[in-house]
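The values are calculated or read from the model by the stated rules, or taken from the named source; none is laboratory data. As the structure is a prediction and not an experimental result, all values here were calculated from the model. Positions of Cβ are backbone-derived with ideal geometry, glycine not excepted, and every protein chain shown enters the neighbour counts. Surface areas here come from the heavy atoms of the whole protein model, side chains and all, with no ligands, DNA or RNA. Shrake-Rupley method; radii C 1.70, N 1.55, O 1.52, S 1.80 Å.
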Amino acid sequence: KYVFPAFEKIHGVKVVVVPGTSSDILAKVQASKDKPPVHVMFLDDGVMMRAIKMGLCQKLTDTAALKDLYPSARMPGDMAAGVNVGMTGIGYNKKMFDEKKWPAPTSWMDFADPKFKGKVVFQSLPASTFGLHGFLMFNRIQGGTDSNVEPGFAKWKSTIGPNVLEYIPSSGKLSEMVQNGEAAIFPLTPTGVATQKARGIPMEYAQPKEGSVLLTVAECVTARNDSPELAQKLAAFLLTPQAQAAALEFGNQIPSNTKTQPSTPAAQATVDRFKEYMKTVKVLDWDAVNQLRPEWNTRWNKTIER
């Protein structure tokens, strides 16, 4: 509503949005890689790394906007780039916390607090980046690493596991579960929380003391698509300060372009908060994670979500 119309007007085209989780979109493009169903795809950074290795992306056109991105937003070989930057931390039900006079969460280990029994909602590790981030931070606290998740799997059942009401495939269900008073605490991004708050859902974000996990939503132009020139222009447009200022103001998307100027005091406040969160953000070893994730997914399904 606020970003695409400017592009449509310039080029006399209509942008059609195909919604879906990163895993869904990757699967669709992989299944039809010789004639991809989308021209530009948006994936969470870890999933995008997989897409690049599968040969599903083409190199982005070199533009001024690409050069102005945060270094962490430019992916190897410029095969993809972050359209926004963020992090996974803790989302919580502000209404429930206020009613019960609970203090705001401060740690990933709050998910194991007995008072949240039956009130923790966790995204499924195989399907969601948020679930993966939450699990890997818990694993680090238990002494594990991004290539050794034994401590996380060993301790889950006696700590967070008993508190989990439901493992959900994506975060789409969270707003309903918060409104119904089912969900107290869950992994989520500041942007995700802000979007729900704008819709009247009583959510709040908390930055864990151990740090949040860097999460960049990246875009790539699909390889072998039937309109590569226009697709490159759309991808380039979405990296410009103009497009990202609108995404910030109307969608709480934190800009990846360093030259983006917040257009309102509220937008500036969002960016200022983000900069504070960035001081303790953690970055995953995506090469290790992507190599081992299929094995973890199988184990998670067999031992945790069965």
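Within the range 58-108, the set of residues being of a type outside the set (Lys, Arg), farther than 28 Å from Phe42 by Cβ and either part of a loop (DSSP other than H, G, I, E, B) or without any contact (Cβ under 8 Å) to a residue 24 or more places away in the chain (or both) comprises Asp98, Glu99, Trp102, Pro103, Ala104, Pro105, Thr106, Ser107. For the range 7-38, a residue qualifies if it is open to solvent by 50 Å² or more (accessible area, probe 1.4 Å), in a helix (DSSP H, G or I) and not hydrophobic (A, V, I, L, M, F, W, C), and the qualifying residues are Lys9, His11, Asp24, Lys28, Gln30.
Residues of the range 241-268 that are buried (at least 19 other Cβ atoms within 10 Å of the Cβ), within 15 Å of Phe4 (Cβ to Cβ) and of a type outside the set (A, V, I, L, M, F, W, C): Gln244, Gln253.
Among the residues here, Ala31 does not qualify as among the aliphatic types (A, V, I, L, M), in contact with a strand residue (DSSP E or B) (Cβ under 8 Å, 6 or more places away or on another chain) and farther than 20 Å from Gly251 by Cα. Restricting Phe111, Phe122 to those that are at pLDDT 95 or above, buried (at least 20 other Cβ atoms within 10 Å of the Cβ) and outside any helix (DSSP H, G or I) reduces the list to Phe122. Of all residues in the range 174-189, those being part of a helix (DSSP H, G or I), touching a residue at least 24 places away in the same chain (Cβ under 8 Å) and open to solvent by 30 Å² or more (accessible area, probe 1.4 Å) number 0.
Of all the helices (runs of 4 or more DSSP H) wholly in the range 202-306, which have at least 3 residues that are of a type outside the set (Gly, Ala, Ser) and closer than 20 Å to Ala65 by Cα? Break it down into steps so the answer makes sense when it comes.
Working: elements: 228-237, 241-251, 265-278, 286-303.
Output list reads 228-237, 241-251.
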